Amino acid sequence: MQFRNFKMVGYVVYGRGAFNQLDEILAPQRKGDAPMVFLVDHFFEGKPLVNRIPLRGKDKIIFVDVTYEPKTTYVDSLAKELKESFGTVSGIIGIGGGSAMDLAKAVSLMMNNPGSSADYQGWDLVKQAGVYKVGIPTLSGTGAEVSRTTVLTGPNRKLGMNSDFTPFDQIVLDPELTKDAPANQRFYTGMDCYIHCIESLEGTYLNEFSKSYGEKALELCRYVFLEKDQWDEECDDKLMMASYAGGMSIAYSQVGVAHAVSYGLSFLLGTKHGIGNCIVMNHLEEYYPAGTAEFKRMVEKGGYTIPTGICAGLTDEQFDTMINVSLGMKPLWENALGKDWEKIMTREKLRALYEKL
Ligand code: NAD
Ligand code: ZN
């Protein structure tokens with residue numbers, strides 16, 4: 001038995017207003033006049049948060065476009081621009097949801113690794129540490145703040161740069177930053193965390209490490225999405241910790257059916273991660289009966305909208321593409337259904353599931 005020896009985030013600060021400590025946190029990491037570069041979710045352009053970014057010397061803010069999930073071409077162009085402008089930088093700070101944080105991780109790695117980020121999509125292909133990197137979530141749920149991956153859409157596949165060099169050196173968990181998230185978006189991203197918990201806790205890879213974190217994250221999700229009648233600061237505080245714990249849970253296990261199926265949607269139709277997972281979770285009674293029923297109660301309680309009929313009118317070829325992408329996620333299926341998963345999840349069965357979405 002070979003146990004996973006995984007790399008974690010270096011430093012964590014948590015609390016309302018923790019963002020105000022950023023200047024102090026960055027100071028010892030500054031190397032001469034090499035700037036800190038802030039990759040900020042474009043939602044914050046013109047918002048008060050921008051004035052609180054502690055700029056010094058040649059520091060630069062780049063508002064990143066997260067309309068689409070991060071692409072390898074976008075990562076490469078950001079890294080190229082920074083190398084041309086500055087040679088090197090002191091650090092990259094990602095401020096935003098999972099997309100902006102993933103961009104920051106990937107750009108940090110590409111500052112010190114040759115070629116294209118597409119060359120590193122896979123497991124342990126990154127050979128050099130990136131530049132110092134910080135993650136500051138403004139949406140809670142993906143667990144991207146703690147994970148050892150950065151999910152990128154490349155020319156041939158949608159796959160992360162999974163490596164020991166990928167986790168952030170520092171994360172700043174300040175729940176105040178999530179307060180303006182629109183209710184539906186907050187729910188989709190929050191459900192990413194809920195689904196991480198269900199897939200981890202119901203999976204065959206489960207051990208006490210991932211169970212401890214998964215159970216806590218699940219309890220927090222239930223509190224904010226089922227017990228509370230009104231969203232408030234306490235919900236933001238709790239959901240941020242749920243995201244962290246959910247991410248820690250899958251670090252030592254794996255996700256499952258909802259993610260494997262949702263990857264196919266995302267590859268073919270560009271469906272975003274959070275909403276894609278929700279679209280699939282709505283139809284997983286057979287695999288996660290209790291989790292699916294509870295998910296539906298959460299949707300109903302908050303009055304959220306989950307799209308339906310998104311696969312209507314697709315061609316056989318398009319279904320095949322989604323099925324190929326999905327069945328390619330072997331560890332997810334093995335975690336969900338066990339070693340004999342290929343006998344259970346046949347192409348026909350998966351096609352029938354896609355047709356329901
Ligand atoms: P997101 O980062 O894609 O952002 C969704 C929308 O919310 C965007 O329009 C953004 O501008 C907006 N937004 C962000 N913060 C806001 C705020 N405080 N107020 C108002 N609007 C705000 O959403 P997400 O669900 O956090 O992240 C999804 C991405 O994360 C996908 O690209 C997915 O692949 C990735 N992901 C990565 C990991 C990982 O481990 N690296 C895990 C899960 C998902
Ligand atoms: Zn996820």
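The values are calculated or read from the model by the stated rules, or taken from the named source; none is laboratory data. Computed from a prediction, not measured in an experiment: that's the story for all the values here. So basically every Cβ, Gly included, is an ideal-geometry build from the backbone, and we count neighbours across all protein chains shown. Accessible surface areas use protein heavy atoms only, side chains included; no ligands, DNA or RNA. Shrake-Rupley method; radii C 1.70, N 1.55, O 1.52, S 1.80 Å.
Identify, please: which residue in region 212-249 is buried (at least 23 other Cβ atoms within 10 Å of the Cβ) and of a type in the set (Phe, Trp, Tyr) and is, among those, nearest to GLY303 (Cα to Cα)? Here the residue is PHE225.
The residues in region 155-168 that are more than 11 Å from ligand 1 (Cβ to nearest atom) and crowded, with 19+ Cβ neighbours inside 10 Å can be counted, and the count is 2.
Results for (1) within 13 Å of ligand 2 (Cβ to nearest atom); (2) closer than 27 Å to LYS71 by Cβ; (3) over 16 Å from the mean Cα position of the chain (by Cα), shown as yes or no for each residue.
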site	(1), (2), (3)
TRP231	no, no, yes
VAL255	yes, yes, no
TYR287	no, no, yes
PHE295	no, no, yes
MET298	no, no, yes
ILE310	no, yes, yes
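Any residue in region 238-260 that is part of a helix (DSSP H, G or I), within 30 Å of VAL9 (Cβ to Cβ) and among the charged types (D, E, K, R)? Within region 238-260 (the criterion being part of a helix (DSSP H, G or I), within 30 Å of VAL9 (Cβ to Cβ) and among the charged types (D, E, K, R)), the answer is yes, since at least one residue qualifies. One residue stands out in region 28-58 among those that are buried (at least 20 other Cβ atoms within 10 Å of the Cβ) and under 25 Å from GLY87 (Cβ atoms): the one that is farthest from the chain's Cα centre (by Cα), namely PRO35. Right, SER253: buried (at least 22 other Cβ atoms within 10 Å of the Cβ), of a type in the set (Ser, Thr, Tyr) and farther than 30 Å from TRP231 by Cα or not? Against the criterion (buried (at least 22 other Cβ atoms within 10 Å of the Cβ), of a type in the set (Ser, Thr, Tyr) and farther than 30 Å from TRP231 by Cα), SER253 qualifies.
Taking each residue of region 335-349 that is more than 25 Å from SER249 (Cα to Cα) and looking for partners that are part of a helix (DSSP H, G or I) with beta-carbon atoms closer than 7 Å, six or more apart or interchain, yields ILE344/LEU337; ARG347/ILE323.
Scanning region 25-72 for residues that are part of a helix (DSSP H, G or I), within 28 Å of GLY160 (Cα to Cα) and in contact with a helix residue (DSSP H, G or I) (Cβ under 8 Å, 6 or more places away or on another chain) yields PHE44, THR72.
If you go through region 131-150 and keep only what is within 29 Å of GLY87 (Cβ to Cβ), in contact with a Ser or Thr (Cβ under 9 Å, 6 or more places away or on another chain) and within 14 Å of ligand 1 (Cβ to nearest atom), you end up with LYS133, ALA144, GLU145, ARG148, THR149, THR150. Only residues that are crowded, with 21+ Cβ neighbours inside 10 Å and within 18 Å of CYS193 (Cβ to Cβ) were counted across region 273-290, and they come to 11. If the condition is being charged (D, E, K, R) and either near ligand 1 (Cβ under 9 Å from one of its atoms) or more than 24 Å from PHE43 (Cα to Cα) (or both), then region 81-109 contributes LYS83, GLU84, ASP102, LYS105.
Number of residues in region 293-310 that are assigned to a helix (DSSP H, G or I) and at pLDDT below 95: the value is 0.
Is it the case that LEU314 is under 20 Å from TYR194 (Cα atoms) and open to solvent by less than 40 Å² (accessible area, probe 1.4 Å)? Judged against the criteria, LEU314 is not a match. Kindly establish whether GLY143 is touching a His at 6+ places or on another chain (Cβ under 7 Å) and crowded, with 24+ Cβ neighbours inside 10 Å. Judged against the criteria, GLY143 is a match. The residues of region 261-292 that are assigned to a helix (DSSP H, G or I), near ligand 1 (Cβ under 10 Å from one of its atoms) and touching a residue at least 40 places away in the same chain (Cβ under 8 Å), listed by number, are TYR263, SER266, HIS273, GLY274, ILE275, ASN277. Kindly list the number of the only condition in (1) more than 14 Å from ligand 2 (Cβ to nearest atom); (2) in contact (Cβ under 8 Å) with a residue 12 or more places away in the chain that fails for ASP192. Here ASP192 clears every test but (1). Here GLU202 qualifies as closer than 30 Å to LEU269 by Cα and not hydrophobic (A, V, I, L, M, F, W, C). Yes or no: region 4-27 includes at least one residue that is away from ligand 1 (no atom under 16 Å from the Cβ), under 24 Å from the mean Cα position of the chain (by Cα) and among the aromatic types (Phe, Trp, Tyr). Yes, the conditions are met somewhere in region 4-27.
Scanning region 4-36 for residues that are closer than 30 Å to GLN254 by Cα, in contact with an Asp or Glu (Cβ under 8 Å, 6 or more places away or on another chain) and basic (Lys, Arg) yields a total of 1.
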